[in-house]
1. Return the tail of the calculated pair distribution for the stretch A:28-111, meaning the percent of Cα-Cα pairs more than 19 Å apart.
2. Please report the relative contact order for the stretch B:36-75, taking Cα pairs under 8 Å with a sequence separation of at least 6, and give it as a percent rounded to a whole number.
3. What's the center-to-center distance, using Cα atoms, between the stretch A:7-71 and the stretch B:74-96 in Å?
4. Can you run phi through the Karplus equation (6.51, -1.76, 1.60; θ = phi - 60°) for the stretch B:30-45 and list ³J(HN,Hα) in whole Hz, with x for Gly and Pro?
5. Mind listing which trypsin sites (Lys or Arg not before Pro) in the stretch B:4-61 are in a DSSP loop and have 14 or fewer other Cβ atoms within 10 Å?
6. For each cysteine in chain A, check whether another cysteine's C-beta sits under 4.7 Å from its C-beta; list those where none does.
7. Taking amide H positions as placed 1.01 Å from N in the peptide plane, with prolines and chain starts having none, which residues 5 or more places from A:Ser70, or on another chain, fall under 5 Å of its amide H?
Amino acid sequence: DAKTTQPPSMDCAEGRAANLPCNHSTISGNEYVYWYRQIHSQGPQYIIHGLKNNETNEMASLIITEDRKSSTLILPHATLRDTAVYYCIVISADSWGKLQFGAGTQVVVTP
Amino acid sequence: DVKVTQSSRYLVKRTGEKVFLECVQDMDHENMFWYRQDPGLGLRLIYFSYDVKMKEKGDIPEGYSVSREKKERFSLILESASTNQTSMYLCASRHRGRVGTDTQYFGPGTRLTVL
């Protein structure tokens with residue numbers, strides 16, 4: 001599976017949009033981009049995933065560049081409960097399911 | 001609402017004890033996973049199960065065994081607990097579906113301390 005690179009941390013003001021970047025320059029054609037987050041002392045939580053089109057659900061939006069070498073997770077109106085470590089990972093379509101998280105981005109939402 | 005539950009949030013055991021960690025999912029998922037998470041080492045797969053009575057070793061199976069007698073339940077067993085097994089243990093489940101459906105649902109985790 002392709003590696004990903006994320007900034008180690010970022011701050012966001014409550015009510016503002018949080019834009020989390022992720023680089024995956026070695027992604028191959030059958031690999032999906034997945035985002036999970038982990039609130040302190042809790043299990044990871046799935047957020048969203050995509051292949052090449054932009055995706056949106058009730059939690060977030062995922063913007064994938066045309067060359068698929070990077071993506072951005074957007075939390076449209078950050079709340080204090082969005083403070084967490086966010087993980088961007090790339091998973092092959094024929095993967096048997098093992099997840100491997102990198103260091104992720106520690107997002108702190110401040111009042 | 002999907003749910004994965006783990007038998008304990010916090011557990012303290014002594015070296016040499018046999019430890020059972022239970023995980024139950026209510027989503028009728030075929031695949032279930034046991035991970036451990038340690039600072040600086042990230043998430044590491046211990047064992048996984050494709051379906052009932054099936055199990056496969058992950059990356060760090062030594063010192064652990066698993067049991068999957070029913071579809072909804074996946075147990076992790078530490079045969080003789082050691083201090084280096086002090087960790088956060090996470091259970092996850094996944095529906096075995098079409099490609100691109102790799103969403104795993106995690107339980108709240110069990111923080112195990114071995115003294």
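No lab work stands behind these numbers, since they all come straight from the coordinates. Only a predicted model underlies this, so the values are computations on that prediction, with no experimental measurement involved. Positions of Cβ are backbone-derived with ideal geometry, glycine not excepted, and every protein chain shown enters the neighbour counts.
1. Counting every Cα pair in the stretch A:28-111, those more than 19 Å apart make up 38 percent.
2. Taking the mean separation of contacting Cα pairs over the length of the stretch B:36-75, I get 30 percent.
3. Between the Cα centre of the stretch A:7-71 and that of the stretch B:74-96, the gap is 27 Å.
4. 7, 9, 9, 9, 10, 10, 10, 10, 10, x, x, 10, x, 8, 10, 7
5. Filter output for the stretch B:4-61: B:Arg9, B:Arg14, B:Lys18, B:Lys53.
6. That list is A:Cys12.
7. Residues meeting the amide H criterion: A:His24, A:Thr65.
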